[in-house]
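Undergrad: Structure in structure tokens, see below.
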Amino acid sequence: MRVSAILSDWLSQRLDRNADQPLYRQLHGLLQQAILTHALAAGARMPSSRLLARELGLGRNTVIQVYEQLTLEGYVTCSTGRGTFVVDTSPDEMVGGTAHVLRDASATKDERAVPRPLQTRTLPLSNRGHALVEGAGVSKRQWGAFMPGVPDVSRFPVRVWTRLHNTHWRRPRLDLMTYAPGGGLPALRQSLADYLRTSRSVRCAPEQIILTTGIHQSIDLAVRLLSDPGDTIWTEDPCYWGIRSVLQISGLRVRPIAVDAEGMAPSSDDLKHPPKLVLVTPSHQYPLGCVMSLARRRTLLEFAQRHGTWIIEDDYDSEFRYSSRPLASLQGLDETGQVIYVGSFGKTLFPGLRVGYIVVPESMADNFAVASAELYREGQLIQQAVLAEFIAAGHFTSHVRKMRALYASRRKVLLDAMHAEYGNQFAVAGGDAGLHLVMQLPDDVDDTRVAARALERGIVARPLSSYYSNRASARSGLLLGYACVPDEEIGPCFQTLANAIDSVCGGVR
Ligand SMILES: Cc1ncc(COP(=O)(O)O)c(C=O)c1O
């Protein structure tokens, strides 16, 4: 059988005239495959476009177009008067000399004319990539009972936002549509500086604020600029898994430090080994919800000053405090410029906005701005412009005020449901701030089993123990996010959760 007949036969079995993909593209892909697998050997003469078109029942122009494309891409070469020939596409010795692996030397000429499917192989992830993916905590579901850390995005004033967006696009600013030096939009940095100074007691000028896509990116930036792989960072234990991932992939050695009712509580042994960085959530420890006491704040600042340690303050949800005014930041107490403050609009507005900020000491501001442009480019300037207008017109303050009242009432509905079901049997932590609370379980109860049973019933209840690095000191409990659960669903959903708890704890009541 002629090679061209075998090839046409193989091609016609695979061309699908009913597929969405045009025949031109299909033919192009199949011929590429035949050449890459060496089924069409280097130097082989391609059937003439007229012959192939006739045998496949295609227009000749289609085949000519495919041959031209393959010529441009270097798969075939065309010699006037002689015909079209397959080019030797195998990598040369310099590139590793692996061509022999792909060639099937024992195949007969005719066998080689029948393309084999491409042999794909999966190259392994790097060690750190593997560790990141294996340890990932990101949930496929990001909404509903009782997903922690998710605000009620359905209450966001979409109409106001759309109007501001439209106004912007009616007079588009070209400087916001092109590349820009780092740092972010000056107008937003200015309004943020005013807000952070008055609401969070953060000491800052607009130039000290670098806009990012959120806390993850802010911490990534700070860690890259202030530490080297192998340096040590202290984190609270328990802590937010997402940030642990950011730290680990940067090659830092993460030393988990126990937390008590006053916040991070380093032991005397910990204090003998000062780290390069410390990461804390002083206004609302995540996930337990305690507030770092003033004494601890001062001790930590003094320790950092003595040892040249950087402190990263993650202030992710302090706007939502229900029994008092929001607490002052740790950065505001810092006299020597060693606190890096990070925050985000993810909880106050909506996570998908992806706008956050990092406040750095004055002496570091230019370095951070340059590095952020170098690593992440200029950010979403148009979103930033709309957000600046949103804040300037007072919508931010009024939205946060409304959400605070809404979440406070949902928190109460959840606490009432817990009380009605269990009385005071289970202690609650972190109940007066944020978007979630922790329902503590007896430590001999396997909270991961409870969480799995809850999930089978459609309820997310993240197990507290999974937030600990040090398993020996892990406490048992459930993180229950209430902010994104409509009031009327909280009671019934808690009932379902209680069934899951009872199915594991058996007769706890
Ligand atoms: C403690 C803490 N920090 C940061 C984040 C995430 O911040 P962002 O979405 O701005 O990256 C979260 C999200 O739940 C969090 O709980």
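Undergrad: Just for the stretch 237-251: of the residues that are touching a residue at least 40 places away in the same chain (Cβ under 8 Å) and away from the ligand (no atom under 15 Å from the Cβ), which one is nearest to His284 (Cα to Cα)? Spell out how you get there, then give the answer.
TA: The first filter runs over the stretch 237-251 and keeps only residues touching a residue at least 40 places away in the same chain (Cβ under 8 Å), leaving 237-245, 248-249, 251.
Next cut, away from the ligand (no atom under 15 Å from the Cβ) only: 248, 251.
Values: Gln248: 23, Gly251: 27 Å.
Checked the stretch 237-251; the qualifying residue nearest to His284 (Cα to Cα) is Gln248.
Undergrad: With respect to the numbered conditions (1) open to solvent by 60 Å² or more (accessible area, probe 1.4 Å); (2) in a helix (DSSP H, G or I), which one is the sole condition not fulfilled by Asn424?
TA: So Asn424 meets the others, but not (2).
Undergrad: Are any residues in the stretch 24-42 open to solvent by 50 Å² or more (accessible area, probe 1.4 Å) and either more than 18 Å from Gln65 (Cβ to Cβ) or among the aliphatic types (A, V, I, L, M) (or both), and if so, which ones? First the steps, then the outcome.
TA: The first filter runs over the stretch 24-42 and keeps only residues open to solvent by 50 Å² or more (accessible area, probe 1.4 Å), leaving 24-25, 36, 42.
Leu36, Ala42, listed by residue number.
Condition check ((1) of a type in the set (S, T, N, Q); (2) within 16 Å of the ligand (Cβ to nearest atom); (3) at pLDDT below 95; (4) open to solvent by 80 Å² or more (accessible area, probe 1.4 Å)) across all residues:
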position: Met147; (1), (2), (3), (4): no, yes, no, no
position: Val158; (1), (2), (3), (4): no, no, no, yes
position: Leu221; (1), (2), (3), (4): no, yes, no, no
position: Gly230; (1), (2), (3), (4): no, no, no, no
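Undergrad: Any residue in the stretch 252-262 that is closer than 18 Å to Trp310 by Cβ and either modelled with pLDDT under 95 or not assigned by TED's automatic domain parsing to the domain that holds Gln338 (or both)?
TA: Within the stretch 252-262, none of the residues are closer than 18 Å to Trp310 by Cβ and either modelled with pLDDT under 95 or not assigned by TED's automatic domain parsing to the domain that holds Gln338 (or both).
Undergrad: Taking the options Leu497, Leu480, name whichever one is crowded, with 24+ Cβ neighbours inside 10 Å, outside any loop (DSSP other than H, G, I, E, B) and in contact with a His (Cβ under 8 Å, 6 or more places away or on another chain).
TA: Within the list Leu497, Leu480, the selection yields Leu480.
Undergrad: Follow-up question, since we're still on this one. Quick check on Ser409: is it part of a loop (DSSP other than H, G, I, E, B), out of contact with any Gly (no Cβ under 6 Å at 6 or more places or on another chain) and of a type outside the set (A, V, I, L, M, F, W, C)?
TA: Numbers: part of a loop (DSSP other than H, G, I, E, B): no; out of contact with any Gly (no Cβ under 6 Å at 6 or more places or on another chain): yes; of a type outside the set (A, V, I, L, M, F, W, C): yes.
No.
Undergrad: Also, quick follow-up: Filter the stretch 239-268 down to the residues that are closer than 18 Å to Leu300 by Cβ and not hydrophobic (A, V, I, L, M, F, W, C) and list them by number.
TA: Of everything in the stretch 239-268, those that are closer than 18 Å to Leu300 by Cβ and not hydrophobic (A, V, I, L, M, F, W, C) turn out to be Arg255, Pro256, Asp260, Glu262, Gly263, Pro266, Ser267, Ser268.
Table: residues versus (1) out of contact with any Lys or Arg (no Cβ under 7 Å at 6 or more places or on another chain); (2) within 16 Å of the ligand (Cβ to nearest atom).
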residue	(1), (2)
Ser329	no, yes
Gln338	yes, no
Gly343	yes, yes
Phe350	yes, yes
Ser363	yes, no
Ala369	yes, no
Tyr376	yes, yes
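Undergrad: Let me ask something else about it. Can you tell me which of (1) loosely packed, with under 14 Cβ neighbours inside 10 Å; (2) touching a Cys at 6+ places or on another chain (Cβ under 7 Å) is the one Asp487 doesn't meet?
TA: Unmet condition: (2).
Undergrad: Give Ala369, Ala388, Ala373 a once-over and let me know the one that is aliphatic (A, V, I, L, M), assigned to a helix (DSSP H, G or I) and within 29 Å of Leu406 (Cα to Cα).
TA: Details: Ala369 fails: within 29 Å of Leu406 (Cα to Cα); Ala373 fails: within 29 Å of Leu406 (Cα to Cα).
Answer to the selection: Ala388.
Undergrad: Name the single residue that is most open to solvent (accessible area, probe 1.4 Å) among those in the stretch 445-459 being part of a loop (DSSP other than H, G, I, E, B) and more than 11 Å from Ala500 (Cα to Cα). Even if it seems obvious, please write down each step before you answer.
TA: Residues of the stretch 445-459 that are part of a loop (DSSP other than H, G, I, E, B), as a first pass: 445-446, 457-459.
Subset that is more than 11 Å from Ala500 (Cα to Cα): 445-446.
Values: Val445: 21, Asp446: 67 Å².
My answer is Asp446.
Undergrad: Can you name every residue in the stretch 282-299 that is polar (S, T, N, Q) and either assigned to a helix (DSSP H, G or I) or more than 10 Å from the ligand (Cβ to nearest atom) (or both)?
TA: Within the stretch 282-299, Ser283, Ser293, Thr299 qualify.
Undergrad: Which of the residues that make up the stretch 200-213 are within 13 Å of the ligand (Cβ to nearest atom) and crowded, with 20+ Cβ neighbours inside 10 Å? Let's see the steps before the verdict.
TA: Start the filter on the stretch 200-213 by keeping residues that are within 13 Å of the ligand (Cβ to nearest atom), which leaves 211-213.
Once the filter is applied, which keeps residues that are within 13 Å of the ligand (Cβ to nearest atom) and crowded, with 20+ Cβ neighbours inside 10 Å, the stretch 200-213 yields Leu211, Thr212.
Undergrad: Can you name the residue in the stretch 279-308 that is over 23 Å from Arg244 (Cβ atoms) and among the polar types (S, T, N, Q) and, of all such residues, is least open to solvent (accessible area, probe 1.4 Å)?
TA: For the stretch 279-308, the residue satisfying everything is Ser293.
Undergrad: Next up: Inside the stretch 176-189, can you point out the residues that are open to solvent by 40 Å² or more (accessible area, probe 1.4 Å) and in contact (Cβ under 8 Å) with a residue 60 or more places away in the chain? So that I can check it myself, show each step before the final result.
TA: Narrowing the stretch 176-189 to residues open to solvent by 40 Å² or more (accessible area, probe 1.4 Å): 177-179, 181, 186-187.
Across the stretch 176-189, the qualifying residues are Met177, Tyr179, Pro181, Ala187.
Undergrad: Now for a separate question. State which residue is nearest to the ligand (Cβ to nearest atom) when the search covers only the stretch 252-278 and only residues that are among the small types (Gly, Ala, Ser) and open to solvent by less than 30 Å² (accessible area, probe 1.4 Å).
TA: Just the residues of the stretch 252-278 that are among the small types (Gly, Ala, Ser), to begin with: 258, 261, 263, 265, 267-268.
Remaining after also requiring open to solvent by less than 30 Å² (accessible area, probe 1.4 Å): 263, 265.
On the way: Gly263: 13, Ala265: 18 Å.
My answer is Gly263.
Undergrad: Report, by residue number, each residue of the stretch 326-345 that is assigned to a loop (DSSP other than H, G, I, E, B) and open to solvent by less than 10 Å² (accessible area, probe 1.4 Å).
TA: Ser329, Leu330, Phe345
The values are calculated or read from the model by the stated rules, or taken from the named source; none is laboratory data. Please read all numbers here as calculations on a predicted model, not as lab measurements. Glycine also receives a Cβ, built like all others from the backbone with ideal geometry; neighbour counts cover every protein chain displayed. Just the protein is used for accessible areas: all its heavy atoms, side chains included, with ligands, DNA and RNA removed. Shrake-Rupley method; radii C 1.70, N 1.55, O 1.52, S 1.80 Å.
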